[in-house]
Amino acid sequence: MIKITHDDFDINAIISQAKTNKMGAMVTFLGTVRDDGIDLLHFEAYEDVAIGELKTICNEAFGKFDIESMDVIHRIGELLVGENILLILVGAGHRKEAFAACEYVLERIKESVPIWKKEISESGDRWIPGEAYNS
């Protein structure tokens, strides 16, 4: 599953759907809004291009690592401190491949997926410069 959504997600349900008997490892990365003195984060995406780029990145991961499954969900819109932003779930026969693939996908998302964030606080708003995704 590759998805960009305004809605939160149920991590346990996604794990249950992805899990197979061939997997000895399931690695998850969950990005959340941290309390950096902000009220909330606002995420925007060029959705069609972002979905296409996420598919490309996942296909790259399948080519580079011996993995069984890959799920990526990224939220957009206004998110409060503590809310989920990004889920990457990788299933593989062995943990090393699952961890390596998860890290690879996370770094590639930061490099090339057109998703941007703006910090909103009492002192004002500011777009976060740098990588396409900066968590």
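The values are calculated or read from the model by the stated rules, or taken from the named source; none is laboratory data. Remember, predicted model here, so these are calculated numbers, not experimental data. Don't worry about glycine lacking a Cβ; one is built from the backbone with ideal geometry, like all the others, and counts go over all protein chains shown. When the accessible area is computed, the model is the full protein with side chains, heavy atoms only, and any ligands, DNA or RNA have been set aside. Shrake-Rupley method; radii C 1.70, N 1.55, O 1.52, S 1.80 Å.
Summary of values
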| item | result |
| --- | --- |
| Heavy-atom accessible surface of the chain: percent carbon and sulfur, 1.4 Å | 45 percent |
| Along principal axes, Cα extents of the range 9-135, largest first, whole Å | 51, 26, 23 |
| Asp66-Glu107 FRET efficiency (beta carbon distance; Förster radius 22 Å; 0.05 resolution) | 0.70 |
| Extension reserve of the Ile2-Thr20 stretch, reckoned as 0.36 nm per residue once the Cα distance is removed | 4.6 nm |
| Relative contact order (%) - criterion: Cα under 8 Å, at least six apart; region: the range 1-133 | 35 percent |
| Fraction of beta bridges assigned by DSSP in the chain that are antiparallel (%, nearest 5) | 90 percent |
| Label-zone membership for the range 4-22, site Leu40, 7 angstrom Cα→C-beta point, backbone N under 14 Å | 6-8 |
| Helix axis angle, 95-112 relative to the chain longest principal axis, alpha carbon, degrees | 40 degrees |
| Degrees between helix 47-64 axis and first principal axis of the chain (Cα, 0 to 90, nearest 10) | 30 degrees |
| The chain - charge dipole about Cα centre, Lys and Arg +1 at Cβ, Asp and Glu -1, debye rounded to 20 | 600 debye |
| Residue-normalised accessible area of the chain, given per residue in Å² at a 1.4 Å probe | 54 Å² |
| Pairs of Lys in the chain closer than 19 Å at Cα, counting only those 8 or more apart or on different chains | 12 |
